[in-house]
Structure formats: C-alpha cells, structure tokens
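Just so it is clear, none of the values below were taken in a lab; they were calculated from the coordinates. Since this is a predicted model, take the numbers as computed values, not measurements. Glycine also receives a Cβ, built like all others from the backbone with ideal geometry; neighbour counts cover every protein chain displayed.
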Amino acid sequence: MINIMKGTKDLLPQESYKWDMIEREIKEVARLFNLHKIATPTFEHTELFLRGVGDTTDIVNKEMYTFEDKGGRSVTLKPEGTAGVVRSYIENGLSQLPQPLKMYYETPVFRYERPQAGRLREHHQFGVEIYGADTPQQDVEVILIARTLFHRLGITAPELHINSIGCPTCRKSYNQALKAYFAAKQEELCPTCRERLQKNPLRILDCKEEKCAAIAADAPSVLDYLCADCAAHHEGVKNLLTKAGIPYSVDDRIVRGLDYYTKTVFEFVVDNIGAKSTVCGGGRYNNLVEQMGGKPCPAVGFGMGIERLVLTMTNVGASFGEVPSPDLFIANVGSADDAFLLTCALREQGVNAECDTMGRGLKAQMKLSDKLLSKFTVVIGETELKEGKAKVKRMSDGTEEEVSLSELANYINVKKG
C-alpha cells in the first residue's frame, strides 16, 4: 500500500462539513466587506517568490518546493498567496478597476517545514488583499475582517498584537542599530542568523532558535526608529482601534516572516487550552507592487490557515453546526426502482433525499437511515405506490403521519425546519 506523504493530510468525508461551514462564513464576511474572489495558479515562476517573498526569508532559503519543468524552467509551488496576487494585479491591469481593490482567496500553499499540529507541508490558506489605500482606516478595516470572521466562527477572544516595522527610509537606521547590537553577540547566534546579520538583521528577530530569541529580546525597538510618516501612521492605527473599541497590545518584536512588509504588521493570537497560538498574520506591503514591476501602489492584507482554524475551533469548543444528513430516507419493500425514481424527483424539488442502491433488505435499509441521521424515513412498497400515500416517520421522536406521495416534497420542506 502507498501511504500519504509526510506533512500532508486527507480531508475525509466525515470532516468535510467543518470546512464547508468555515467556507460559508468566509463568503459571508467577504459579502459584508465587499471582497471579491481572486484565484492564482498553484505554481509560478520561481523568480516571482525570490523577488516577492525575499531571498533572506526562511520560506525562500529552506521551505520552497522548487523544481525544473520539462521546458527547463524553474517552477515553484506557491509558498504563500500574496506574490501571485501582485503578479496578477500587474499583469491583468487591475489598477484600472475602482480602488481600493478588495480581494480574497482560498488556496493551497506548500512549505517544506517540520509538520506539527495545524501546520502542514501542504495546507490551505484564506487571505485578504486590499490595494490602493495607504491609510490607518484601511489597516483597521483589514484587521476587522479577520476579527469578524473569528467571531462568526465562535473564536470570541482572539488577542490582537500590532507593531510597525517602518519603511525603507527609517529601516536603514534601524538595521544599523540591529547590526551593531547583534555584531557584539554574533558568536552566540545560530549559523543562519550569522548570515542574516550581514544580509537582513531584521530577520534575526523572527528566529525560532531559543538562544537567538533570548538575545533578540533585548535588541533595540523598531518603534524608536520610525520616521515621522511611519510614526504618524502607527499612531493613527492605534487611535482608530481604540475608537472602534477593538482591544490590542503593541508588540515591537512582531516582524512577520516575509521581507515585503512595511509599516503596520499584526497577528491574532488565541489561547488554545493553555498554549498561545498565532492563527492569523498580516500587515502592509506598500512597495511590493512596484518591486514586482508595477506602478507604485500601497497594499495591505493577511493570511490564515484553514487547518489551524479547524484546530482552534475544536480546542475552544466552537460549534461547526449540525452534521449534514438527509431530509428523507426512502426505504423500499421490493420496489427499488420506484424508490430511486421518487428520490430523484424529490431532489428536483429541493429535498435532500436518499435511498438504498445496494439491494439491502428492509431491516438493513432502516439501519442505514439511522447511520445517516436521516430526519424522516418513509417505506414504500406495492400498497403505498398503488394508494399514492405512505406513512412518514419523524426520526427524532418516532411520530408518524400519512402523506400523499405527490405532496411529499412540500411536507418535508415544511416540516424539516
């Protein structure tokens, strides 16, 4: 037998209703905030991610699934959603649409990393991308989109952590301060961070090695190096969050794992039964469109993993709703074709109907109805077909009512609610 690859997971039929529920809520939040769906290919030219994600990030250095196709081109399975959306925005002239352009996506992403709970080598991401506006209001709206989804999913107490990592202007002086601080301790840093010290010292703040994290805890704060524009933007975001009644805390160690961020960065953290877990991360990336070959265009967004959402909802006791089940199961006594045709007719009238297609006896059919959690069951045979009526049994309390077969759809549609 060939087993599933490490770091991947099957979505099984008995679990799929949880994903369906999350996707319904995503679509409703998208409707509320006027977000329009965008979908980009699963694989892109490798150069897209080298330029977009950043060649000093762990994603590019360690985690990308890159291969050469039959035409000799270097191709990469998408490790995140934003770079592909930026490419599409430029290539398809989306700047001509009314701005800000508000988009969302649901996509598989691929990262070669150590598999753990809620984090797989192939996982699925819901993301939001809003292009064209460079205001605190737009940052807060993006935060509200994520917060609204959490609340609709029953994740009622997510902690919002925010920071500003400035712009290229103020980042220069901050990088110099970081280099000076870490240079004195470089022998204690991991080999990767010693390389980062020369290329991009900001990445050291994102290192997961304990010794590097301990050293980074006393590093200079980016908030002390913001230019006037970035500082004013950060204050604007904080003031608007306060006015909107959204609790938050400032964490000057949030830098996110991607090089393209500027100004606002944020994370939502949930206490998953004693252990805090980041369930959403995002921020502003004002220079990315221009960096990828487009005209200057500010942008802000976030991403959150669907698998991690399912795990978080489970851990906090959120409801996924009812397990889907048939409205009506039609059992038959020697009249399988008639039961099948009646089932088909009921489906055309909006009834979630089911019947046996494996030649089971009546007793086995009734057991199947129970296993499927059918709301109603009806048994039809020669007598019922001749008289045009049958007894419909409500499975929750065992009560029965005689119903005309021609009125069966109306009866079920009224009673199932």
*Return the single residue from Ser95, Ser16, Ser335 with maximal mean-square fluctuation; model: Gaussian network over the chain, springs between Cα atoms under 10 Å.*
Ser335
*So for the stretch 259-417, what are the equivalent ellipsoid semi-axes in whole Å, largest first, each being the square root of 5 times an eigenvalue of the Cα gyration tensor?*
54, 20, 13
*Name the aspartates and glutamates eligible as straight-distance cross-link partners of Lys391: C-alpha to C-alpha under 20 Å, and not fewer than 8 places from it in the same chain.*
Asp327, Asp337, Asp338, Glu354, Asp356, Asp370, Glu382, Glu400, Glu401, Glu402, Glu407
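Of the cross-linked pairs Lys208/Lys263; Lys371/Lys393; Lys78/Lys295; Lys27/Lys102, which ones have a Cα-Cα span greater than 20 Å in the structure shown? Let's see the in-between values first.
Working: Lys208/Lys263 23 Å; Lys371/Lys393 16 Å; Lys78/Lys295 23 Å; Lys27/Lys102 13 Å.
Long pairs (Cα-Cα over 20 Å): Lys208/Lys263; Lys78/Lys295.
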*Scan (i) 47; (ii) 31; (iii) 38 for the value of percent of Cα pairs over 33 Å apart calculated from this model and give just the label.*
(i)
*Order of Val414, Val250, Val140 from fewest to most other C-beta atoms within 10 Å?*
Val414, Val250, Val140
*asked:* Could you tell me the calculated FRET efficiency between Gln176 and Leu50, based on Cβ-Cβ distance and R0 = 25 angstrom, to the nearest 0.05?
replied: 0.50
*Given the Cα-Cα distance of Glu188 and Lys367 and 0.36 nm per residue of separation, how much length would full extension add, in nm?*
57.8 nm
*Would you calculate the volume per residue, in Å³, of the smallest convex hull containing every Cα atom of the stretch 85-225?*
180 Å³
*List, in order, the whole-Hz ³J(HN,Hα) value for each residue of the stretch 364-377 obtained from phi through the Karplus relation with A = 6.51, B = -1.76, C = 1.60 and θ = phi - 60°; use x for Gly and Pro.*
5, 5, 5, 5, 4, 4, 5, 5, 7, 6, 4, 6, 9, 9
*Using a basic spin-label model with each label point 7 Å from the Cα along Cα→Cβ, how many nm lie between Glu113 and Gln291?*
1.8 nm
*Of the residues Phe150, Phe33, Phe67, which exhibits the maximal mean-square fluctuation in a Gaussian network model of the chain defined by a 10 Å Cα contact cut-off?*
Phe67
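Could you list the square roots of 5 times each eigenvalue of the Cα gyration tensor of the stretch 225-326, that is, the equivalent ellipsoid semi-axes, sorted largest first and rounded to whole Å?
32, 19, 13
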*asked:* Please compute the Kirkwood hydrodynamic radius of the stretch 1-86 from all pairs of different C-alpha atoms, in Å with one decimal.
replied: 15.9 Å
*Report, to the nearest 10°, how far helix 82-91 tilts away from the longest principal axis of the Cα atoms in the chain, using its own Cα long axis and a range of 0 to 90°.*
90 degrees
*Amide H of Ser164: which non-local residues (sequence gap of 5 or more, or other chain) have their own amide H closer than 5 Å, using H built in the peptide plane?*
Val265
*With the chain treated as a Gaussian network of Cα nodes joined by springs under 10 Å, which of Arg24, Arg111, Arg87 yields the largest mean-square fluctuation?*
Arg24
_Efficiency of FRET between Asp271 and Thr148 - r from beta-carbon atoms, R0 25 angstrom, step 0.05_ = 0.80
*Could you give the nm distance between label points at Thr135 and Ser95, where each point is 7 Å from its Cα heading toward the beta carbon?*
2.1 nm
*Could you tell me, in Å, what Rg and Dmax come out for the Cα atoms of the stretch 328-415?*
11.6, 30
*So, in Å, what gap is there between the alpha-carbon centers of the stretch 149-204 and the stretch 1-48?*
29 Å
*Cβ-based charge dipole, the stretch 186-284, positive-most Cα from Thr262, Val250, Ser277*: Thr262
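Please work out how much length the chain gains when fully extended from Met5 to Ser319, using 0.36 nm per residue of separation minus the C-alpha to C-alpha distance, in nm with one decimal.
Stretched fully, the Met5-Ser319 segment lengthens by 110.0 nm.
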